[in-house]
Structure formats: structure tokens, C-alpha cells
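Some notes on the structure that comes next.
The values are calculated or read from the model by the stated rules, or taken from the named source; none is laboratory data. Values in this document were obtained by computation on a predicted structure and should not be read as measured data. FYI the Cβ positions are ideal-geometry reconstructions off the backbone, even for glycines, and counts take in every protein chain you see. What goes into the accessible areas is simple: the full protein's heavy atoms, side chains included, and nothing from ligands, DNA or RNA. Shrake-Rupley method; radii C 1.70, N 1.55, O 1.52, S 1.80 Å.
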Amino acid sequence: MSVPKRIYMDNHATTPMDPRVLEAMLPYFGEHFGNAASRNHSFGWEAENAVDQAREQVADVIGGKPKEVIFLSGATESDNLAIKGVVEFYRDKGNHIITAATEHKAVLDTCKALERKKLATVTYLQVDQQGRVSVDQVREAITDKTILISIMAANNEIGTIQPVAEIGALAKEKGILFHTDATQGFGKLPLDVSELGVDLVSGTGHKIYGPKGCGFLWVRSKGPRVRLTAQMDGGGHERGMRSGTLNVPGIVGLGTAAQIAKSEMTAEAGRVTALRDRLHRLITDELDEVYLNGHPTHRLPGNLNLSFAYIEGESMLMGLNGSAHGDLPAIAVSSGSACTSATLEPSYVLKALGVGDELAHTSIRFGLGRFNTEEEVDYVAERVISEVKRLRELSPLYEMAKEGIDLKQYFAGVQH
Ligand SMILES: *Cc1c(COP(=O)(O)O)cnc(C)c1O
């Protein structure tokens with residue numbers, strides 16, 4: 001078996017660029033360098049045409065209108081603009097936001113910033129053991145001051161898909177705006193803004209095999225027409241909602257990535273799901289006490305988040321990265337989320353599911369994607385199995401458990 005020097009299985013953190021995307025972008029770094037806002041000459045026109053095409057490509061993935069797409073720097077900015085923009089614009093109507101404890105930090109920290117400034121009050125819904133919120137929880141949280149619901153399409157750590165359409169129907173019934181951070185779901189799950197009843201959708205290029213530093217916010221223009229207070233003042237680009245000279249190569253890349261994602265969505269979801277299930281099966285055929293985090297079926301195709309009882313996720317990462325065995329191919333995966341792995345706090349998402357701290361520390365997120373192969377999956381499974389066996393042999397806890405000593409403390413909180 002030929003195994004490459006290193007294997008990338010962290011596609012929730014970022015994805016490699018699809019070569020077709022890079023090819024589409026290159027002319028816009030060179031010959032077609034114009035400013036899309038230059039109305040007086042062909043350099044500007046060709047840039048503007050390219051941006052218009054990308055707007056269509058992005059809108060097409062979610063069944064929106066091209067003019068409803070605002071280009072900006074990524075999903076973090078998109079979440080910020082959606083939430084802060086609504087809170088500022090609609091402050092006479094109310095100031096209450098409903099979101100969930102497992103949202104991305106781009107949503108959570110935006111809400112916290114608004115709370116700190118006393119511009120909003122926020123309800124953070126708890127999730128069930130598989131990471132879902134229910135439409136009844138949302139209903140119960142609504143007050144006459146609620147102006148925005150922000151619930152993600154799919155979670156970046158555990159892959160859980162939220163009941164977005166049900167929440168959208170409730171939001172419509174109550175006349176409350178509904179934002180979804182669709183960064184992980186866009187281009188991977190069938191998402192249609194009419195069917196989902198969403199009013200604002202955030203996404204980014206680098207999670208769909210496009211470039212970093214370019215994302216979008218889709219803003220409903222009719223039924224209702226959503227208004228936002230701009231968070232960036234300047235030349236009035238993007239219908240005044242986001243000033244700043246457009247990143248034309250990035251936008252072309254995002255558009256191309258969106259178009260490819262749409263046309264290959266069904267086939268790719270099938271292929272990636274099969275790879276993920278194969279990895280899961282190979283691992284659990286060989287190892288006991290491996291627990292799946294997230295929802296077994298309402299889950300992103302490429303997501304496999306597992307807790308390996310009695311090992312340290314960080315030790316496992318070192319083993320897989322190759323730093324423990326210099327000659328083996330390095331395997332890139334995450335323990336916890338990329339955004340929290342700088343500190344050794346157990347992931348707040350796993351905590352929210354009720355996974356105990358000890359077990360949360362044993363978790364590994366495998367993020368499979370477009371460019372992973374069956375050969376890579378088989379190799380990764382083999383390495384994971386041998387690494388877990390090696391680490392468990394060194395673990396006094398594992399030995400105690402095998403001897404029948406009760407380790408309730410260790411599993412405090414595990415209910416699955
Ligand atoms: C990656 C990610 C973001 C942040 O996107 P950037 O484009 O890197 O700012 C936001 N939300 C979710 C769910 C993500 O996975």
C-alpha cells in the first residue's frame with residue numbers, strides 16, 4: 001500500500017483548495033486585476049462580472065437571489081454582521097437573542113460582546129446528549145422582546161445537524177428573524193432558504209475547498225426584507241451593508257467552490273459518508289470503550305468524533321502526528337475543536353452534551369472530506385488502533401477497569 005507522507009483528516013478546521021478553484025482564481029490575481037467598483041472601464045467591468053457570477057453561484061446553492069449575497073472576509077465576520085447588524089437595526093423592537101450553547105465562538109462571543117455592552121440579553125439553549133436543540137425549547141425561550149434566533153445548521157466539532165426547518169417555521173409564525181451559521185453545512189447538505197424559513201445565512205470559502213479570507217452573508221430581501229446596520233462604514237459596497245473593495249480573486253474562488261459543491265453534493269456526501277462509516281467500523285471492530293459524540297444520523301457526512309476511554313487525546317494526537325514516531329506518516333486530526341485546542345480545557349461543545357471532563361479529554365475529531373481516500377481511511381484506522389492499544393497498555397485506569405474496579409467517577413456524565 002502506498003501511503004503519502006502525511007494525511008489530512010481535519011476538514012472541519014479548513015479544507016484544501018480544490019485545484020479547479022485555484023485555476024479559476026489565478027487570472028484575477030493577474031490580468032483581471034480590476035476593482036469591481038470601477039464603473040468607467042473594462043478592468044472594472046470584468047471584475048464586476050466575475051463577482052456577479054460568484055453571487056449567482058453562491059445564491060444558487062441555497063435557493064436565494066444573487067442580490068441577497070453580501071461578500072465579506074469569512075464566517076466570523078458574517079456571524080458578527082448578522083447578529084450585531086440585526087440587534088442595532090431593530091433595537092426599537094426588542095433586544096433579546098436566542099442561540100445555543102454549542103454554537104461556534106463567532107456566534108457565542110458576538111452575543112457575549114452585546115451582553116457586555118448591554119445591547120442585548122441572550123438565552124443560550126442547552127442541547128440534548130446528541131447536541132440538538134428542540135423547537136419546543138426555542139418556543140419556550142421566546143419573549144415579546146425576542147428579535148433574533150441564531151442556530152447553526154451543523155456543528156463544527158460533533159457534526160450534529162440542527163432542526164433548522166422546524167425552527168424556521170416557528171420563527172416565521174412569531175415574526176422573529178432567524179440566522180443560521182451554515183459554515184459547515186453549506187455545499188454539503190441540501191439547504192434551501194425558502195424551505196428552511198431562514199432570513200440570514202453565514203458561510204465561508206475555506207470550509208468548501210475554496211480560499212481563506214472570503215465568505216458571505218445571505219440576507220433575505222423579501223418576506224420579510226431584512227435590514228441590517230452596517231458594521232463597516234466606507235464606500236457603500238455590497239448594498240451599503242459591507243464597505244470595502246471586494247476581494248475579487250477570493251470571491252471568484254468562493255463562487256467556483258460553491259458551484260462545484262452544489263453539482264457534486266449528492267455524490268460527494270455518499271462517498272464521504274461511506275468513508276466515515278468505514279473508519280468508524282474499522283476502529284470499533286478492534287477497540288472497546290469507544291464512544292461516538294454527536295448524533296448518529298443527523299450528522300455531517302464527514303464528521304466522526306470519538307472518545308477513546310482511558311487515553312489522553314493529546315497523547316494520541318502526538319502519536320498520530322508522528323512526533324512520537326518520527327518515521328511514520330503524520331495524520332492531521334483534532335482533539336476538541338481547533339479553536340479551543342490552544343488551551344487544555346475540555347471542549348465546551350462536548351461538555352454541553354454532558355460528556356464528563358475525563359472522557360472529553362480522550363476525544364478525537366476526524367474530519368473527512370473530498371480528497372480523502374479509502375486507502376487513507378484504512379491506514380488511519382490501523383494507526384489509531386495501534387496507538388490506542390499502546391496508550392491503554394500504559395494506562396493504570398484501563399488496567400483497573402479490566403480488573404473490574406468500578407470507575408464511576410471517570411464516566412461521570414456519560415449516558416451513551
Ligand atoms: C470555521 C467556522 C467559522 C469561522 O469561519 P471563518 O471563515 O474562518 O471566519 C464559523 N462558524 C463555523 C460553524 C465554522 O465551522
Within the range 381-401, is even one residue β-branched (Val, Ile, Thr) and in contact with a strand residue (DSSP E or B) (Cβ under 9 Å, 6 or more places away or on another chain)? yes
Could you list, in sequence order, all residues of the range 111-168 that are part of a loop (DSSP other than H, G, I, E, B), open to solvent by 10 Å² or more (accessible area, probe 1.4 Å), within 16 Å of the ligand (Cβ to nearest atom) and of a type in the set (D, E, K, R)? ARG132
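Could you tell me how many of the residues in the range 196-219 are part of a strand (DSSP E or B), of a type in the set (Val, Ile, Thr) and over 24 Å from PHE371 (Cα atoms)?
Looking only at the range 196-219, we keep the residues that are part of a strand (DSSP E or B), and these are 200-204, 215-219.
Then drop every residue that is not of a type in the set (Val, Ile, Thr), which leaves 201, 204, 219.
Within this subset, residues satisfying the condition of being over 24 Å from PHE371 (Cα atoms) are 201, 219.
Residues meeting the conditions: 2.
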For the range 169-187, name all the residues that are in a loop (DSSP other than H, G, I, E, B) and within 11 Å of the ligand (Cβ to nearest atom). ALA182, THR183, GLN184, GLY185, PHE186
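Residue by residue, here is whether (1) in contact (Cβ under 8 Å) with a residue 60 or more places away in the chain; (2) among the hydroxyl-bearing types (Ser, Thr, Tyr); (3) open to solvent by 10 Å² or more (accessible area, probe 1.4 Å); (4) over 29 Å from PHE366 (Cα atoms) holds:
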position	(1), (2), (3), (4)
LYS172	no, no, yes, yes
GLY187	yes, no, no, no
ASP192	yes, no, yes, no
SER202	yes, yes, no, no
LYS222	no, no, yes, yes
ARG225	no, no, yes, yes
Which condition does ARG39 not pass, out of (1) open to solvent by 10 Å² or more (accessible area, probe 1.4 Å); (2) part of a helix (DSSP H, G or I); (3) touching a helix residue (DSSP H, G or I) at 6+ places or on another chain (Cβ under 9 Å); (4) away from the ligand (no atom under 16 Å from the Cβ), if it passes all the others? (2)
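Can you find, within the range 95-110, the residue that is most open to solvent (accessible area, probe 1.4 Å) among those that are over 24 Å from GLY175 (Cα atoms) and assigned to a loop (DSSP other than H, G, I, E, B)?
Taking the range 95-110 as the starting set, the residues that turn out to be over 24 Å from GLY175 (Cα atoms) are 102, 104-106, 109.
Applying the additional criterion that residues be assigned to a loop (DSSP other than H, G, I, E, B) yields 102, 104.
Working: THR102: 3, HIS104: 37 Å².
That would be HIS104.
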Of all the residues that make up the range 1-46, how many are touching a Pro at 6+ places or on another chain (Cβ under 9 Å), closer than 30 Å to PRO329 by Cβ and hydroxyl-bearing (Ser, Thr, Tyr)? 1
Selection over the range 62-90 where residues are over 17 Å from LYS105 (Cα atoms) and either open to solvent by less than 10 Å² (accessible area, probe 1.4 Å) or within 11 Å of the ligand (Cβ to nearest atom) (or both) yields a count of 9
Looking at the structure I just gave you, is PRO4 exposed (fewer than 15 other Cβ atoms within 10 Å of the Cβ), under 29 Å from the mean Cα position of the chain (by Cα) and within 16 Å of the ligand (Cβ to nearest atom)? no
Open to solvent by less than 40 Å² (accessible area, probe 1.4 Å) and of a type outside the set (S, T, N, Q): which single residue out of GLY235, GLY255 fits that description? GLY255
Taking helices (runs of 4 or more DSSP H) that fall entirely within the range 276-395, which contain at least 3 residues that are more than 29 Å from LEU407 (Cβ to Cβ) and open to solvent by less than 30 Å² (accessible area, probe 1.4 Å)? 374-393
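State the number of residues belonging to the range 91-110 that are away from the ligand (no atom under 13 Å from the Cβ) and β-branched (Val, Ile, Thr).
Initial filter on the range 91-110 (away from the ligand (no atom under 13 Å from the Cβ)): 91-98, 101.
Applying the additional criterion that residues be β-branched (Val, Ile, Thr) yields 97-98.
Total satisfying the criteria: 2.
Restricting to the range 227-238, name every residue that is hydrophobic (A, V, I, L, M, F, W, C) and within 16 Å of the ligand (Cβ to nearest atom). First the steps, then the outcome.
Residues of the range 227-238 that are hydrophobic (A, V, I, L, M, F, W, C), as a first pass: 228, 230, 232.
Result: MET232, single match.
What number of residues in the range 61-76 are of a type in the set (Gly, Ala, Ser) and part of a helix (DSSP H, G or I)?
Restricting attention to the range 61-76, the residues satisfying the condition of being of a type in the set (Gly, Ala, Ser) are 63-64, 73-75.
Now restrict to residues that are part of a helix (DSSP H, G or I): 75.
Count: 1.
From PHE186, PHE216, which residue is of a type in the set (Phe, Trp, Tyr) and within 18 Å of LYS84 (Cα to Cα)? Can you show your working first?
Details: PHE186 fails: within 18 Å of LYS84 (Cα to Cα).
After ruling out the rest, the residue left standing is PHE216.
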Anything in the range 188-226 that is away from the ligand (no atom under 16 Å from the Cβ), closer than 18 Å to THR76 by Cα and in contact with a Phe, Trp or Tyr (Cβ under 7 Å, 6 or more places away or on another chain)? List them, or say none. ASP199
